[in-house]
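Since the structure comes first, as C-alpha cells, the remarks are kept for the end.
The values are calculated or read from the model by the stated rules, or taken from the named source; none is laboratory data. In this text the structure is predicted, and so the values were computed from the model without any measurement. We place every Cβ from the backbone using ideal geometry, glycine too, and count neighbours over all the protein chains shown. Just the protein is used for accessible areas: all its heavy atoms, side chains included, with ligands, DNA and RNA removed. Shrake-Rupley method; radii C 1.70, N 1.55, O 1.52, S 1.80 Å.
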Amino acid sequence: MSAITSPVSSRDLAAIARMRIVPRRFYGRWIAAAAILGVLGWLVLAFAKGDIAWPVVAQFFTAPAILSGLSNTLIMTVCAMALGIVLGVVFAIMYMSPNPVLRGVALFYIWFFRGTPLLLQLLLWFNLALVFPTIGIPGLFSWRTIDVIGPFMATLLGLGMNQGAYTAEVVRGGILSVDAGQTEAAKAVGMTRLTTLRRIVLPQAMRVIIPPVGNEVISMVKLTSVASVIQYAEILRNAQTIYYANARVIELLIVAAGWYLIVVTVLQIGQYFLERHFSKGRGERRARRVAVQEDAA
Amino acid sequence: MSAVEKAAASDDAIVTIAHVSKFFGPLKALNNVSLSIQPGTVQCIIGPSGSGKSTLLRCINQLEKIDEGAISVDGALIGYRRVGETLHELTDAEIAQQRLSTGMVFQRFNLFNHMTALQNIIEGPLTVLRRPRKEIVAEAMALLERVGLADKRDSYPSELSGGQQQRVAIARALAMRPKLMLFDEPTSALDPELVGEVLNVMRDLAATGMTMIVVTHELGFAREVASDVVFMDKGEIVEQGPPQTVLVAPSQPRTRDFIAAVLK
Ligand SMILES: Nc1ncnc2c1ncn2[C@@H]1O[C@H](COP(=O)(O)OP(=O)(O)OP(=O)(O)O)[C@@H](O)[C@H]1O
Ligand SMILES: [Mg+2]
C-alpha cells in the first residue's frame, strides 16, 4: 500500500501541475442508489398487484364531498392559524411586559394550553354548553351556547388557542434574537415601546419566527383532521363518511393523502418566498444582489 | 442647595447634571457627578474603560434611570413631573417625547438592519413626528449629501462599511432636528482608515453650532473641536477644563497617566 501523502520537491511541482487529475470515486453513492431503486421497484410492484382500485381513487379525487371537505380544511387552517398568530404575538408581548399582571396572565395561558392535549381541549370547547348553557353579558344579551359553539367554533377555538400558546414562545424567541442595540436606537429617535416593537423589533424577529411558524402551518393542515371527532366536516371526515358507505377504505385514504400532500407542497413554496422577503438587509440577499449585478454587467 | 434646585437655577445651560449617582447592583457606576453644558458648545468626555462615560450619556438620554440627583435637558427636568414638592414618574410616551430634543450616535452604529440608509433616516420623522413623506425624503437626501453618502440611499447596513454606517447613523439622528447630540465613542469600532471620515462629519456639525457631548478616545479631535473636556475615572469627574489645560497640561496625576497611556 502506498503512503497517503506524496513527498514532493519544489523541482517536481511544475511537472505535477500538468498531470491529469482522477476525481474521487463515490462507490457508496452507487450502492445506496441501487439499493433504493430496488426497494422502490418492489413497492411499485406491490401497490400495482395489491387490491387498490386506482380508477376509484381518480373518481373520488374531485368528488364534491371531498372538495368541500378540502375547502373546510383550508378555511380552518387559515382561521385557526390566524387566531394562533394573533394570540401568539399578543401573549409574547404580554410575557415580556414589565407589568407583572400581564406577565402572569401570559404565563398561565401558555402553561395551560401547552400542558393539556389538543383533543381534550377540543372536547372541552365542544361540550362547553354543559358548563355554561348560555353565554353573553347578563342583562344585556345572551345566546344558547349550543348555537354559538358548534363544530366550527369549537375547532377554531381549540386549534387557535392551542396554537397561540406555542406561537407565543416562537415569537418571544424571535424578539429575543433581535439585538438590544436596535431597541436603544429606536428609543433614541423617540419611539415608544409599542412603536419600537411594531416598526423595528418584530420585522427583524420575523426572520427567526417564520421558519417554525411555517412548520406549524403545515402541522395545522394535518391537525385539523383531529376535528373529525367533533363532527367538523373536514376532508378526512368526509372521506370516512364516503368509505363507510362504499367500503373503499384505502382508495379514499389515498385521495385524502394526495390532497394533503398537494396543499403542503404549495405551502412550502409560499414559505420560501416569505422567508426571502423577510431576509431584507441580510448577508445572503446581498450576495444574491451582487451576483445579479455582475450577471447584468 | 438641593440637586433639583440647582438644575433649575442654571437656566442658560442646555444640559444640567446635578449630583447624579447611578448604581448597577453594588457597583457605583456614577458617583455624585455634576456638569453643565452651554448651548452651542462641544463637551468632550474622556476616561479609562469602565469609568462611567457611557453610563452618563445614557442617563442624559434616559436609557438608564438615575438613582440620585437630577438632570435637566433643554429646560425640563427629565424622567419626572414636578408637582409641588413631589416628583411623579413620567410615562413611556412622555419619556419618548422628552428624548426628541436629543439625538444619539452609538459606538456600534445600531442602524435598523432591515431598512436601507434612506429608510433609516426617514423612520423617525415618519413614525414619531408623523411628517409627510415627500418633505422628509427631500430632507433625508440633503442629510445623506451632507455626510457624503447620497449614492448609498438604497443600501442596507450590511452593504455599508463601518464608517459609512456611522455617517448614516449621524444623519438619522440629525433628521429628528435635535437640539443636542450625544456621541458614545463613535469611532472606536472603526478601522483606523475609516475614523477620519466620521470625525470630519462631526467637525462640520460642530461648526454649525450644534451642541454636542462626545465620549471619545480621539484626543486630537478633542483638542481641536472641544469647548471643554472632562476626565472621568471610577464614576467621578476627576478634572475639567479647556482642552489646552486638561489634554496638554493636566493638573491631576490620574489624568496625566491616562493621557500618557492613550498616546503610548
Ligand atoms: N447594564 C449594566 N449592568 C451592570 N453593570 C453595568 C451596566 N452597564 C455598565 N455597567 C458597569 O458600569 C461601569 C461603567 O460602565 P460604562 O459603560 O459607563 O463605562 P465606559 O466609561 O463607557 O467604558 P468604555 O470606555 O469601556 O465604554 C462599568 O464597570 C460597567 O461594567
Ligand atoms: Mg462606553
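Some points to look at:
- Residue list for segment A:205-224, restricted to those being surrounded by 18 or more Cβ atoms within 10 Å (Cβ to Cβ) and either polar (S, T, N, Q) or at the interface with chain B (Cβ under 7 Å from one of its Cβ atoms) (or both): A:THR224
- Residue match in segment A:42-63 (condition: within 29 Å of A:GLY164 (Cα to Cα) and exposed (fewer than 14 other Cβ atoms within 10 Å of the Cβ)): no
- Against the criterion of being touching a residue at least 24 places away in the same chain (Cβ under 8 Å) and either under 17 Å from the mean Cα position of the chain (by Cα) or more than 16 Å from ligand 1 (Cβ to nearest atom) (or both), B:THR91 does not qualify.
- When B:TYR156 is tested against the conditions (1) away from ligand 1 (no atom under 16 Å from the Cβ); (2) among the hydroxyl-bearing types (Ser, Thr, Tyr); (3) closer than 28 Å to B:GLN98 by Cβ, the lone failure is (3).
- Residue in segment B:165-179 that is free of Cβ contacts under 8 Å to residues at least 60 places away in the same chain, open to solvent by 20 Å² or more (accessible area, probe 1.4 Å), more than 13 Å from chain A (Cβ to nearest Cβ) and basic (Lys, Arg) present: yes
- Output for segment A:77-123, where each listed residue is small (Gly, Ala, Ser) and part of a helix (DSSP H, G or I): A:ALA80, A:ALA82, A:GLY84, A:GLY88, A:ALA92, A:GLY104, A:ALA106, A:GLY115
- Boolean, B:GLY79 is more than 16 Å from ligand 2 (Cβ to nearest atom) and within 14 Å of another protein chain (Cβ to nearest Cβ): yes
- Residue list for segment B:166-196, restricted to those being among the small types (Gly, Ala, Ser) and under 30 Å from B:LYS134 (Cα atoms): B:ALA169, B:ALA171, B:ALA173, B:ALA175
- Evaluation of A:ALA245 against (1) away from chain B (no Cβ under 14 Å); (2) open to solvent by less than 10 Å² (accessible area, probe 1.4 Å) (one fails), failing number: (2)
- In the set (1) open to solvent by 10 Å² or more (accessible area, probe 1.4 Å); (2) at the interface with chain A (Cβ under 9 Å from one of its Cβ atoms); (3) β-branched (Val, Ile, Thr), the condition left unmet by B:THR102 is number (1).
- On the stretch given as segment B:207-261, residues that are of a type in the set (Val, Ile, Thr) and either in contact with a helix residue (DSSP H, G or I) (Cβ under 6 Å, 6 or more places away or on another chain) or within 16 Å of ligand 2 (Cβ to nearest atom) (or both) total 9.
- Which numbered condition A:TYR232 misses (of (1) assigned to a helix (DSSP H, G or I); (2) touching a residue at least 12 places away in the same chain (Cβ under 8 Å); (3) out of contact with any Lys or Arg (no Cβ under 8 Å at 6 or more places or on another chain)): (1)
- Among residues of segment A:106-120 that are more than 20 Å from A:MET96 (Cα to Cα), those with a Cβ under 8 angstrom from a residue that is outside any loop (DSSP other than H, G, I, E, B), sequence gap 6+ or separate chain, pair up as A:LEU118/A:GLY158; A:LEU118/A:LEU159; A:LEU118/A:ASN162; A:LEU118/A:LEU223; A:LEU118/A:VAL226; A:LEU119/A:VAL226; A:LEU119/A:VAL229.
- Segment B:33-49, residues that are within 16 Å of ligand 2 (Cβ to nearest atom) and without any contact (Cβ under 8 Å) to a residue 60 or more places away in the chain: B:SER49
- First in segment B:185-199 and more than 14 Å from every other protein chain (Cβ to nearest Cβ) and over 20 Å from B:ARG146 (Cα atoms), second anywhere and open to solvent by 30 Å² or more (accessible area, probe 1.4 Å) and within 16 Å of ligand 1 (Cβ to nearest atom), Cβ under 8 Å, 6 or more apart: B:SER188/B:GLN107; B:SER188/B:HIS217
- Matching residues in segment A:1-33 - criterion: being at pLDDT 85 or above, of a type outside the set (Phe, Trp, Tyr) and surrounded by 10 or more Cβ atoms within 10 Å (Cβ to Cβ): A:ILE31, A:ALA32, A:ALA33
- Taken over segment A:113-159, the criterion of being under 17 Å from A:LEU83 (Cβ atoms) and open to solvent by 70 Å² or more (accessible area, probe 1.4 Å) is satisfied by A:ARG114, A:LEU124, A:PHE152.
- Qualifying position, being more than 14 Å from chain A (Cβ to nearest Cβ) and open to solvent by less than 60 Å² (accessible area, probe 1.4 Å), among B:VAL137, B:VAL128: B:VAL137
- Filtered residue count, segment A:175-204, keeping only those that are at the interface with another protein chain (Cβ under 7 Å from one of its Cβ atoms) and within 24 Å of B:LEU57 (Cα to Cα): 13
- Matching residues in segment B:170-206 - criterion: being of a type in the set (Gly, Ala, Ser) and within 16 Å of ligand 2 (Cβ to nearest atom): B:SER188, B:ALA189
- Evaluation of B:SER54 against (1) open to solvent by 10 Å² or more (accessible area, probe 1.4 Å); (2) free of Cβ contacts under 8 Å to residues at least 60 places away in the same chain; (3) within 16 Å of ligand 2 (Cβ to nearest atom) (one fails), failing number: (2)
- Just one of the listed residues (B:LEU30, B:LEU111) is within 16 Å of ligand 2 (Cβ to nearest atom) and either in a helix (DSSP H, G or I) or surrounded by 21 or more Cβ atoms within 10 Å (Cβ to Cβ) (or both), and it is B:LEU30.
- Search result, residues across segment B:27-57 that are over 22 Å from B:PRO253 (Cα atoms), touching a Gly at 6+ places or on another chain (Cβ under 9 Å) and more than 15 Å from ligand 1 (Cβ to nearest atom): B:PRO39, B:GLY40
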